[in-house]
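Visitor: Take this structure first; my questions come after.
The values are calculated or read from the model by the stated rules, or taken from the named source; none is laboratory data. Note that this is a predicted model, so its numbers are computed, not measured. Note that we place each Cβ from the backbone using ideal geometry, even for glycine, and neighbour counts take in every protein chain shown.
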Amino acid sequence: MTIPLSTARILLVIGGGIAAYKALELIRRLRERGAAVQVVMTASAQAFITPLSAATLSGQPVRHELFSLTDEALIGHIELSRSADLVVVAPATANLLARMACGLADDLATTLLLATDKRVLVAPAMNVRMWLHPATRRNVERLEADGVAFVGPGEGPMACGEFGPGRMAEPAAIVDAIESALAKPGDSAVNPRGPLEGRRVIVTSGPTYEPIDPVRFIGNRSSGRQGHAIAQAAAGAGATVILVTGPVSLPDPPGMTVVHVESAREMQAAVAAAMPADAFIAVAAVADWRVDHVETEKIKKGGGGPRMLRLVENPDILAEVSKQTMLRPAVVIGFAAETEHVVDNANAKLHRKGCDLIIANSVAEGTTTFGGESNEVQVISAEGVESWPSMTKAAVAGRVIARLAAELAKRP
Ligand code: CTP
């Protein structure tokens, strides 16, 4: 049953972070759209904004004490936790997420979050290192498994002077997420997590490094951005994701298992170990060749004329997965990086490797596919060729995952 925002009752928990000021803007936008907003503030939130500002904007007294006799007499905290259509936590600090993940109930905010039988949407905001810390990763994973929905955080310059993921989503994006949470059926605390819920997806990303000797390798310019974005979109759609990545300088995306490898053969073994899966998406720029004999000592220059490296072909991970008879994932998607005849070469690859879809892009000189933020792709399948306009790698990822969900839905 969809609840329109114009009649929705939102319980907004404001945590203590510099982003708390954006929660005031969120209240304003929600009220403009007709929603009723009951605000609860943690003690530390009050160090950033005053209850008076929140009460003025929401038109309702702000609650912040667990054991307030006057507040409890008006509406008890258990009733408060159930009287809303949706509970929104914005900003959710690392500390608040940790307390939620552990099921603590040591103040009014966490008690409400533990007592509620309603859906919970969280907008995290914290320093990038805190967001990337394994403890926070664990807490996010646990909360996602509990059915808590997330919006953001975004990437950008932070109040602390650092740069990266951790900025709270903008109020407009939180309002969109609130509307989509209100549009999902059911009112239990466990959210339907998206079109890939219950699906297992393996994604390869980044380059591979093929060793020559202990200090040298053959590699390529893949940044891993597209593969990581796809893994993140799949996790966002509710899939259990195993990301097998070559060496990249990107942080591990949250909410998934990340396996780090160096060479093509290590990637092949990690993919085999992660099977079976419902879908395999090969985004990695796997080196086609490796050095036949890897020297155990550093090769010294000089003498004996030009140095020759004997190369042997690496296993083709995508073709191997596609051609499996017993464990073939229902949908196998490959990427094709081409410098010329993009569609013809990608079409040939689709057949040669036996996959269901090939996402082809040009990496010719003058394009910024490798390492850049955007991508212009053509999608090749048995049904023909689709050209997608140039868009960010995150947007390509979103469309690839929507397409994957549609393909999986077609199969029994
Ligand atoms: N791929 C793979 N294992 C390999 C080589 C490629 O899994 N050893 C996958 C890539 O992840 C990608 C697709 O195959 O999804 C196509 O990769 P690409 O490098 O474009 O193709 P190649 O197999 O190298 O073919 P060609 O040399 O003809 O370009």
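The rows are residues; the columns are (1) at pLDDT below 95; (2) over 24 Å from LEU408 (Cα atoms); (3) not assigned by TED's automatic domain parsing to the domain that holds ALA145.
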site	(1), (2), (3)
HIS260	no, yes, yes
ALA264	no, yes, yes
ASP278	no, no, yes
ALA284	no, no, yes
GLU297	yes, yes, yes
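Visitor: Now for a separate question. Filtering the range 276-294 down to residues that are surrounded by fewer than 17 Cβ atoms within 10 Å (Cβ to Cβ) and outside any strand (DSSP E or B), which residue is farthest from the ligand (Cβ to nearest atom)?
Guide: Filtering the range 276-294 for residues surrounded by fewer than 17 Cβ atoms within 10 Å (Cβ to Cβ) gives 276, 288-289, 292-294.
Within this subset, residues satisfying the condition of being outside any strand (DSSP E or B) are 276, 288, 292-294.
Numbers: PRO276: 17, ASP288: 5, ASP292: 16, HIS293: 19, VAL294: 18 Å.
Within the range 276-294, the match that is farthest from the ligand (Cβ to nearest atom) is HIS293.
Visitor: Give the number of residues within the range 312-321 that are touching a residue at least 40 places away in the same chain (Cβ under 8 Å) and surrounded by fewer than 18 Cβ atoms within 10 Å (Cβ to Cβ).
Guide: Adding up the residues that qualify gives 2.
Visitor: Pick from the range 295-310 the residues that are free of Cβ contacts under 8 Å to residues at least 24 places away in the same chain and of a type outside the set (Gly, Ala, Ser): which of them is nearest to the ligand (Cβ to nearest atom)?
Guide: If we filter the range 295-310 for residues that are free of Cβ contacts under 8 Å to residues at least 24 places away in the same chain, which is where we start, we get 300-308, 310.
Next, only the ones that are of a type outside the set (Gly, Ala, Ser) stay: 300-301, 306-308, 310.
Working: LYS300: 31, LYS301: 30, PRO306: 25, ARG307: 24, MET308: 22, ARG310: 18 Å.
That would be ARG310.
Visitor: Out of the helices (runs of 4 or more DSSP H) lying entirely within the range 15-87, which hold 2 or more residues that are out of contact with any helix residue (DSSP H, G or I) (no Cβ under 8 Å at 6 or more places or on another chain) and surrounded by fewer than 16 Cβ atoms within 10 Å (Cβ to Cβ)? Talk me through it step by step, then tell me what you get.
Guide: Values: elements: 20-32, 51-58, 69-74, 77-82.
Of the helices (runs of 4 or more DSSP H) lying wholly inside the range 15-87, those with at least 2 residues that are out of contact with any helix residue (DSSP H, G or I) (no Cβ under 8 Å at 6 or more places or on another chain) and surrounded by fewer than 16 Cβ atoms within 10 Å (Cβ to Cβ) span 20-32, 51-58, 69-74.
Visitor: Could you please give the count of residues in the range 295-309 that are under 40 Å from the mean Cα position of the chain (by Cα) and loosely packed, with under 10 Cβ neighbours inside 10 Å?
Guide: 1
Visitor: Just to be sure I understand, how many residues within the range 332-346 are surrounded by fewer than 19 Cβ atoms within 10 Å (Cβ to Cβ) and more than 8 Å from the ligand (Cβ to nearest atom)?
Guide: 5
Visitor: Quick one: would you say VAL244 is within 14 Å of the ligand (Cβ to nearest atom), outside any loop (DSSP other than H, G, I, E, B) and among the β-branched types (Val, Ile, Thr)? Before the answer, list the steps.
Guide: On the way: within 14 Å of the ligand (Cβ to nearest atom): yes; outside any loop (DSSP other than H, G, I, E, B): yes; among the β-branched types (Val, Ile, Thr): yes.
Criteria met by VAL244.
Visitor: Further question on the same structure: Can you tell me which residue in the range 322-331 is nearest to the ligand (Cβ to nearest atom), limited to those that are of a type in the set (A, V, I, L, M, F, W, C) and touching a residue at least 60 places away in the same chain (Cβ under 8 Å)?
Guide: VAL331
A quick yes/no check of all residues on (1) over 18 Å from LEU30 (Cβ atoms); (2) part of a helix (DSSP H, G or I); (3) modelled with pLDDT under 85; (4) out of contact with any strand residue (DSSP E or B) (no Cβ under 8 Å at 6 or more places or on another chain):
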{"residue": "GLU155", "(1), (2), (3), (4)": "yes, no, yes, no"}
{"residue": "ILE174", "(1), (2), (3), (4)": "no, yes, no, no"}
{"residue": "PRO185", "(1), (2), (3), (4)": "yes, no, yes, yes"}
{"residue": "PRO195", "(1), (2), (3), (4)": "yes, no, yes, yes"}
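Visitor: Another question about this same structure. Among the residues of the range 1-14, which ones are touching a strand residue (DSSP E or B) at 6+ places or on another chain (Cβ under 9 Å), outside any loop (DSSP other than H, G, I, E, B) and of a type outside the set (Lys, Arg)? Show your work before the answer.
Guide: Going residue by residue through the range 1-14, those that are touching a strand residue (DSSP E or B) at 6+ places or on another chain (Cβ under 9 Å) are 3, 7-14.
Adding the requirement that they be outside any loop (DSSP other than H, G, I, E, B) leaves 7, 9-14.
THR7, ILE10, LEU11, LEU12, VAL13, ILE14 - these are the residues of the range 1-14 that are touching a strand residue (DSSP E or B) at 6+ places or on another chain (Cβ under 9 Å), outside any loop (DSSP other than H, G, I, E, B) and of a type outside the set (Lys, Arg).
Visitor: Only one residue in ALA145, ALA135, ALA169, ALA181 is crowded, with 20+ Cβ neighbours inside 10 Å and within 19 Å of PRO253 (Cα to Cα), so which one is that? First the steps, then the outcome.
Guide: Details: ALA145 fails: crowded, with 20+ Cβ neighbours inside 10 Å; ALA135 fails: crowded, with 20+ Cβ neighbours inside 10 Å; ALA181 fails: within 19 Å of PRO253 (Cα to Cα).
Selected residue: ALA169, the only one of ALA145, ALA135, ALA169, ALA181 that is crowded, with 20+ Cβ neighbours inside 10 Å and within 19 Å of PRO253 (Cα to Cα).
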